[in-house]
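Inspection log for the structure reproduced underneath, given as structure tokens.
The values are calculated or read from the model by the stated rules, or taken from the named source; none is laboratory data. This one's a predicted model, so the numbers in the text were calculated from it and none came from an experiment. Glycine also receives a Cβ, built like all others from the backbone with ideal geometry; neighbour counts cover every protein chain displayed.
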Protein chains: 2
Amino acid sequence: MNIPQSSLPRVVIVGGGFAGINLAKTLANKKVQVVLIDKRNYHTFQPLLYQVSSAGLEPDSIAYPLRKIIKKHKNTFFRLAEVENIDTESQEITTNIGILSFDFLVIATGTKTNYFGNKSIETYSMPMKKVPQALNIRSLILQNFEEAAITNDKAFRKALLNFVIVGGGPTGVELAGAIAELKNHILPRDYRDLNANDMEIYLLEGSPRVLPTMSEHASKKAEQFLKKLGVHVKCDTFVKDYDGKKVLTNSSLEMESETLIWAAGVTGNPVKGLHGKSLLDRINRYKVNAFNQVEGYTNIFALGDIALMQTEDYPKGHPQVAQPAIQQGELLGKNLIKLIEGKPLKKFKYRDKGSMATVGRNKAVVDLKHYKFAGFFAWFVWMFIHLMALVGFRNRVVVFFNWCYNYINFDKAARLIIRPFHKLN
Amino acid sequence: MNIPQSSLPRVVIVGGGFAGINLAKTLANKKVQVVLIDKRNYHTFQPLLYQVSSAGLEPDSIAYPLRKIIKKHKNTFFRLAEVENIDTESQEITTNIGILSFDFLVIATGTKTNYFGNKSIETYSMPMKKVPQALNIRSLILQNFEEAAITNDKAFRKALLNFVIVGGGPTGVELAGAIAELKNHILPRDYRDLNANDMEIYLLEGSPRVLPTMSEHASKKAEQFLKKLGVHVKCDTFVKDYDGKKVLTNSSLEMESETLIWAAGVTGNPVKGLHGKSLLDRINRYKVNAFNQVEGYTNIFALGDIALMQTEDYPKGHPQVAQPAIQQGELLGKNLIKLIEGKPLKKFKYRDKGSMATVGRNKAVVDLKHYKFAGFFAWFVWMFIHLMALVGFRNRVVVFFNWCYNYINFDKAARLIIRPFHKLN
């Protein structure tokens, strides 16, 4: 893999998500050699992926070249590669571009869409975990609009304009709100040859309320906001099947839809080669101790979404969001140096900074530890936090300008079908 | 195709390039029904396509939704479609989404890459006439860098880092300059594991000088600028063959290269169905009269790059650039109204506003009628003209910000491999 030999211990980080890049930053120019490996050459700011899907932002606003992040880290190398196997005996990983030895291995591969074993849903629904997937959704929405404008078949037009989003977590809620804004502001202007009332947006959530991981106050407010935007919110509803045409649910609700967006769950991206009794939980998270060491190993770690660290406060593990990943990445960086120097490690303790979700212009919900609020101010806070969390000054400015422009003009400017999406059905 | 019946005469415009959109704008809310047809849902600002290829801009900066352009034109409809045939008898066109009758038909389909019949070059080279093609070039350049970083095969690394651009017109010159900036500013920072000196950029031009349609002063200056940036400029050189590995030319120059960008010529995109003796010239332009009427027809027009209007000043037709297309589109709009009202038509007379090309930061050449200049001021003029020519305030701001950012930071921020390009060889 052409990494220079070094007398320093080598830390191999697999995955350039929030956990991976924060670990890499903490280890910058420290007495270790760092190799950051990712299948893509950029970091994805996943919280704003839904804005790419809904034509509000282009990929370069939320994606950031990984090599640019580490450009001043003289001890760090990047490799565009996919890890295929770990050999814990020889301390080597096998990748599609060769073999690499490690002293410390950090698995920060995150999660992928979970279809819960339903092959038909996997085949016909649209996932939204990666930038190309978000672009596919953008293309499909716009292609559906174009197709609806030319068809004389009323039922087909209705199916084309019926957008079903499965999963009422932050991703589903935010995407439903953004698609509702397309209906409310873009369709009436751009598609005068369509009746905007023909467009429907359904948000289906299996549990009794949307945003089930947030407070009941947030759930109630989010549902109110969504309904105000015209989204049909159906709780206690899960999709049983979808063949590309018809959505079947556990209730009497059935409908024709050409677009089912699947945001109903995630499962880990584990790497082959680690052994141990029930090392992974049912959503493929590695069981780790308070130092993020994978059960049974001292030099192999798992971070963020793919780590299951059971603590008193979080008996089921930490939420699979950015903050635990960032905090674990930073702490592991410090702990690795301590480990090398033979000093005692520090246990991870999650500082919950709260959670939030936005539903649309002037509408968001925020849960802080002692204070929960919703509406315009929450929306403002949501924007500020997300802007500041973006990597790089340039991306912040581009996103900020796009938001201002879209806000003033009730617009979403990136409604381009650059690569048409080819439907299977 | 579901266009409402109307008592007004119907003008069908095929193609949303510079000619098509300027015609549509001139006919906005006039006493005609307008149907604008394009294969894509956006207008492409082709003069800046090379900045997408070289990771300086994202597609939304240079692409603009066609429906947004016509959103206030109450008499205008857009259809995403490909025209397959014209029936001049019944005054109908056949498209992939149905049949449409017309009273006036305007062919503004522009050009595509001309490989001059060489199938091997067509298969293995990279064209740059469309946004997805520009994105493919961006991906391939970055993929080559990544591959070069891991290979131990010196000859292969050299081939990966050898970028050959064929065609010394404005597109080739501007792209060569932009890729040279990647070598000079991005490689040394992002790819410390590569030697930037291993990267070579060749610009091959078949005629005795680059920018052959501009003044000799401009050619000379552009060549100087290119050489300063480290580009190998080879005039009187044309590529005889390329198999994805080896470039063969008419001279003794031969080299291994994994990337051949083909900007050596264009040919028209004519539509089937028009009859007449030698209606098309050798680069597939329709012969038109001074009103852009296609030879032998009074209600069928061709505009811009696909029109060959032979005048005293331009015996070989007008240059295939934006200005003739824009001016012909505007004039035809006025002439169509005159035609309907039975008034005499106005002949087209091209106002040459000059030509220009940029080579890199602070380096451009400008030819005006009585004044030719080069360097920093020319570069400034180039930027201003291109910014103002972009469609839409938002795109101007986004491009302006990106240029400022890239200028200050010697950066190109969109170096993302969103969809990897799959090479054939």
| message | Go through region A:273-294 and report how many residues are over 22 Å from A:ASN114 (Cα atoms), crowded, with 17+ Cβ neighbours inside 10 Å and among the charged types (D, E, K, R). | response | 0
| query | Got at least one residue in region B:188-209 being on the phi > 0 side of the Ramachandran plot and at pLDDT 95 or above? | reply | no
| Which numbered condition B:ILE385 misses (of (1) modelled with pLDDT under 95; (2) assigned to a loop (DSSP other than H, G, I, E, B); (3) more than 14 Å from every other protein chain (Cβ to nearest Cβ)) | (2)
| task | Mind listing whichever residues of region A:6-28 are part of a loop (DSSP other than H, G, I, E, B) and out of contact with any helix residue (DSSP H, G or I) (no Cβ under 7 Å at 6 or more places or on another chain)? | result | A:SER6, A:SER7, A:LEU8, A:GLY15, A:ALA28
| field | A:LEU303 surrounded by 19 or more Cβ atoms within 10 Å (Cβ to Cβ) and at pLDDT below 95 | value | no
| said: Testing A:ARG419 on (1) closer than 27 Å to A:ALA108 by Cα; (2) in contact with a Leu (Cβ under 8 Å, 6 or more places away or on another chain), one condition comes back false. Which one is that? | reply: (1)
| Got a sec? Which of B:PHE376, B:PHE401 is surrounded by fewer than 20 Cβ atoms within 10 Å (Cβ to Cβ) and within 11 Å of chain A (Cβ to nearest Cβ)? | B:PHE401
| said: Out of everything in region A:67-94 that is within 21 Å of A:PRO132 (Cβ to Cβ) and touching an Asp or Glu at 6+ places or on another chain (Cβ under 6 Å), what residue ends up being surrounded by the fewest Cβ atoms within 10 Å (Cβ to Cβ)? | reply: A:LEU80
| note | Residue hits (region A:111-126; over 22 Å from A:ARG138 (Cβ atoms) and among the hydrophobic types (A, V, I, L, M, F, W, C)) are A:PHE116
| said: All but one of (1) part of a helix (DSSP H, G or I); (2) within 14 Å of chain B (Cβ to nearest Cβ) hold for A:ILE340; state the number of the condition that does not hold. | reply: (2)
| message | Please go through (1) surrounded by fewer than 16 Cβ atoms within 10 Å (Cβ to Cβ); (2) more than 30 Å from A:PHE77 (Cβ to Cβ); (3) in the same structural domain as B:GLY167 (by TED's automatic domain parsing); (4) out of contact with any Ser or Thr (no Cβ under 8 Å at 6 or more places or on another chain) for B:ARG189 and return the number of the only condition it doesn't satisfy. | response | (2)
| field | Residue pairs meeting the criteria (Cβ under 8 Å; at least 6 apart or on separate chains; first at positive phi, in region A:2-25; second surrounded by 23 or more Cβ atoms within 10 Å (Cβ to Cβ) and not aliphatic (A, V, I, L, M)) | value | A:GLY15/A:ASP38; A:GLY15/A:THR109; A:GLY15/A:GLY110
| remark: For B:GLU181, the lone unmet condition from (1) assigned to a strand (DSSP E or B); (2) in contact with a Gly (Cβ under 6 Å, 6 or more places away or on another chain); (3) closer than 30 Å to A:THR76 by Cβ is (1)
| note | Scanning region B:233-261 residue by residue, the ones that are in a strand (DSSP E or B), out of contact with any Lys or Arg (no Cβ under 8 Å at 6 or more places or on another chain) and surrounded by 16 or more Cβ atoms within 10 Å (Cβ to Cβ) total 7
| query | Filtering region A:101-112 down to residues that are surrounded by fewer than 24 Cβ atoms within 10 Å (Cβ to Cβ) and not in a loop (DSSP other than H, G, I, E, B), which residue is nearest to the other protein chains (Cβ to nearest Cβ)? | reply | A:SER101
| Name the pairs: first residue in region B:351-372 and more than 23 Å from B:TRP403 (Cβ to Cβ), second residue assigned to a strand (DSSP E or B), Cβ to Cβ under 8 Å, at least 6 apart or on different chains? | B:LYS372/B:VAL365; B:LYS372/B:VAL366
| query | Do you know which residues across region B:200-225 are among the basic types (Lys, Arg) and over 19 Å from B:TYR371 (Cα atoms)? | reply | B:ARG209
| Answer residue from region A:121-135, given it is within 10 Å of chain B (Cβ to nearest Cβ) and surrounded by fewer than 21 Cβ atoms within 10 Å (Cβ to Cβ) and is nearest to the chain's Cα centre (by Cα) among those | A:LYS130
| query | Does region A:215-224 include one or more residues that are among the hydroxyl-bearing types (Ser, Thr, Tyr), assigned to a loop (DSSP other than H, G, I, E, B) and either under 24 Å from B:LEU66 (Cβ atoms) or within 13 Å of chain B (Cβ to nearest Cβ) (or both)? | reply | no
| note | B:LYS334 meets each of (1) surrounded by fewer than 17 Cβ atoms within 10 Å (Cβ to Cβ); (2) assigned to a loop (DSSP other than H, G, I, E, B) with one exception, condition (2)
| query | Within region B:407-421, can one find any residue that is surrounded by fewer than 17 Cβ atoms within 10 Å (Cβ to Cβ), away from chain A (no Cβ under 11 Å) and either part of a helix (DSSP H, G or I) or among the small types (Gly, Ala, Ser) (or both)? | reply | yes
| field | Total residues in region B:136-157, condition outside any helix (DSSP H, G or I) and within 9 Å of chain A (Cβ to nearest Cβ) | value | 2
| remark: A careful count of residues in region A:136-158 that are closer than 28 Å to A:THR267 by Cβ and either β-branched (Val, Ile, Thr) or surrounded by fewer than 19 Cβ atoms within 10 Å (Cβ to Cβ) (or both) gives 2
